[in-house]
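Remarks on the structure that follows.
A short reminder: the numbers here are calculations on the coordinates, not readings from a lab. Since the model is a prediction, treat every value here as computed from it, not as a measurement. Glycine also receives a Cβ, built like all others from the backbone with ideal geometry; neighbour counts cover every protein chain displayed.
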Amino acid sequence: MTAVNENLAGAVDPARSGASPEQSSVAVVGMGYVGLPTALGLHQAGVRTIGVDRSAERLRVIESGDADLTAGDRARLRPALLDDRFELTTDPARLAEADAVIVCVPTPLDRHLVPDLGPLRAACASLVAHATPGQTLILTSTSFVGTTNQLLTEPLRQRGMVAGDNVFVAFSPERIDPGNADHAQATTPRVVGGVTAACAARARRVLARLTPSLHVVGSAEAAELTKLYENSFRAVNIALANEFAEICQTLRLDPMEVTRAAATKPYGFLAFYPGPGVGGHCIPCDPHYLLWQLREFRNGAPLTSQAMALIATRPQRVVERAVAVLSDSGRGTAGARVVVVGVAYKPGVRDLRESSALEIIERLLDRGAKVDYYDPLVDRVTLPDGRVLDGVGEPRGGDWDLALVHTVHPGHPYDWVAECPLVLDATYRFEAVSHRVLV
C-alpha cells in the first residue's frame with residue numbers, strides 16, 4: 001500500500017470498512033513502557049502488529065528479550081518475536097500499511113517545567129505524512145487539551161483528509177502501571193474520545209482488542225483532560241499523605257497505622273501513602289501540562305500548584321531527615337558513609353525517570369557524605385549534575401553508617417540492611433528492621 005498524495009480527499013478504502021476486524025493490522029509508534037505492552041496485547045489478540053520506534057538500539061533490546069516488562073508481558077514477548085505477524089521497524093513509511101495507528105511516545109518536561117512535545121510532534125508529523133484513507137489514528141500520550149486537534153486533525157485537514165470522513169482520529173490516554181501485574185492492560189478500563197462520533201466508534205473497535213471495558217466521552221478534548229485530572233488527583237493526595245506523615249512524626253504516631261485505619265472507611269476515603277518522592281512518567285510531569293496551559297488563560301489551579309511544589313521539595317526533606325538522624329547519633333554528614341537502597345522510581349522496574357533517589361544522592365554528596373547505592377535492577381546511574389555512580393554488587397550492611405531505604409524490589413534479599421547501625425525508611429514499609437526510623 002502506498003501513502004496518499006498531498007491534498008487527497010478520496011473515499012475510505014473498502015478493505016478498511018471494518019467488516020473484517022479479525023484481519024486488521026495496527027501499527028504502534030513508540031516501543032517504550034506503553035507502546036511495547038500495547039503491541040504485545042494487540043498481537044495476543046490476533047492482530048497483525050507493526051512496532052515502530054526511531055531508536056534501533058531500543059529495538060535491539062526488545063529483540064534480545066531484555067526489555068523491562070512484567071512477567072506476563074515478558075512471556076508474551078517470546079512467542080511474538082517468533083511470529084511474522086509481529087514486526088519491529090525504524091521505518092515510519094510502514095505506518096501506511098496499517099488499518100490503525102496508536103501513538104505511544106513520551107511527553108516529558110524541560111528544565112523549566114514546560115511541556116516538551118518534541119517526540120510527540122515528530123511522531124504525529126510522520127503519521128500525518130504517511131496517513132492513508134480509512135485509517136484510525138489514536139493518540140495515547142498525555143498532553144494538554146487540544147493536542148489531538150493541533151497535531152493530527154488540522155495537519156490532516158491540510159492534506160485534504162477530514163476526521164470522521166476519510167480518516168478517523170481519537171485520543172485515548174494510556175493507563176499502564178509499569179511493573180504492576182495487578183493492573184493488567186486487559187482488565188483496566190480505558191477512556192476514548194473521538195474528534196467525531198464516527199471517530200470514537202472506530203477507535204473503540206480498535207482498543208476493544210486490548211480491553212473490553214471502554215468509556216466513550218464526547219470529544220478528544222474531554223479524554224485529554226481526563227488524564228490530567230487523574231494524575232493531578234494522585235499528586236494532590238500524595239502531597240497530602242506526605243504532609244500527614246510529617247504530622248504523625250510531630251505527634252509521635254505511625255503514619256502507616258493511621259492511614260490503614262482511615263482506609264477501613266468504605267466511602268469518602270482513598271488510601272495514599274507517604275514516600276521519598278514521586279518519580280516516573282506521569283505524576284511529576286502531567287499536572288504541569290495543565291498548569292502550563294492554564295497560564296495562557298491567566299487562570300490558575302492553586303491546589304494543584306501547591307501539591308506539585310510540595311512534591312518537588314520532598315527529596316530535600318528526606319535529605320534533611322537523613323542529616324538529622326546522623327546528627328542524633330553523633331555523626332556529621334561530611335564523611336558519613338551512606339547507602340541508598342534502591343534508585344528506581346518504584347518497585348519492580350528499572351526506570352529512573354524523575355526518580356527522587358537521584359536528587360537525594362546528589363544532595364547528600366554535596367553535603368560531603370560518601371554515598372553508594374544498591375539496586376539489583378540498576379547497574380549505573382547518572383545524577384542530574386552529570387556525575388556517574390556504579391551500584392554495589394554484594395552489599396554488607398556494616399560498610400555504612402546509614403542505610404536510606406528508597407525502593408525495595410520484590411524477590412530480592414535485603415537482610416543485610418539490618419546490619420547497618422542507622423536505617424532511615426523513606427518507604428514507611430520496611431518493617432523488617434526493628435531499629436529503623438521514618439522520614
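Distance between the modelled labels on residue 379 and residue 306, one decimal in nanometres: 4.7 nm (7 Å Cα→Cβ projection). Using the Kirkwood radius over Cα pairs, work out the Stokes-Einstein diffusion coefficient for the chain at 4 °C and 1.567 mPa s, in µm²/s as a whole number. Rounded to a whole number, D works out at 55 µm²/s. Could you tell me the center-to-center distance, by alpha carbons, between the stretch 238-255 and the stretch 91-133 in angstrom? Each part reduced to its Cα centre gives a spacing of 42 Å.
Considering only 308, 161, 256, the mean-square fluctuation computed in a Gaussian network model of the chain, springs between alpha carbons under 10 angstrom, is largest for 256.
Antiparallel beta bridges, as assigned by DSSP with both residues in the chain, represent about 10 percent of the total such bridges.
Distance between the 7 Å Cα→Cβ label points at residue 258 and residue 158: 5.5 nm. When DSSP assigns beta bridges and you keep just the ones with both residues in the stretch 286-438, what percent turn out antiparallel, to the nearest 5? Beta bridges within the stretch 286-438, antiparallel portion: roughly 15 percent. Calculated [222 nm] ellipticity per residue, helices only, for the chain: -10500 deg cm²/dmol; basis is -39500 (n - 2.57) per DSSP H run with n ≥ 4, divided by all residues, nearest 500. Between residue 243 and residue 91, the simple spin-label model (points 7 angstrom out along Cα→Cβ) gives 5.6 nm.
Take 85-93, 24-32 and order them by the average number of nearby Cβ atoms within 10 Å per residue, most first; the result is 24-32, 85-93.
Mind ranking 37-49, 387-399, 174-186, 364-376 by how tightly packed they are, going by the mean number of other C-beta atoms within 10 angstrom, highest first? Could the numbers behind the result be given before it?
Working: 37-49: 22.7, 387-399: 13.1, 174-186: 16.8, 364-376: 18.7.
In decreasing order of mean packing, 37-49, 387-399, 174-186, 364-376 become 37-49, 364-376, 174-186, 387-399.
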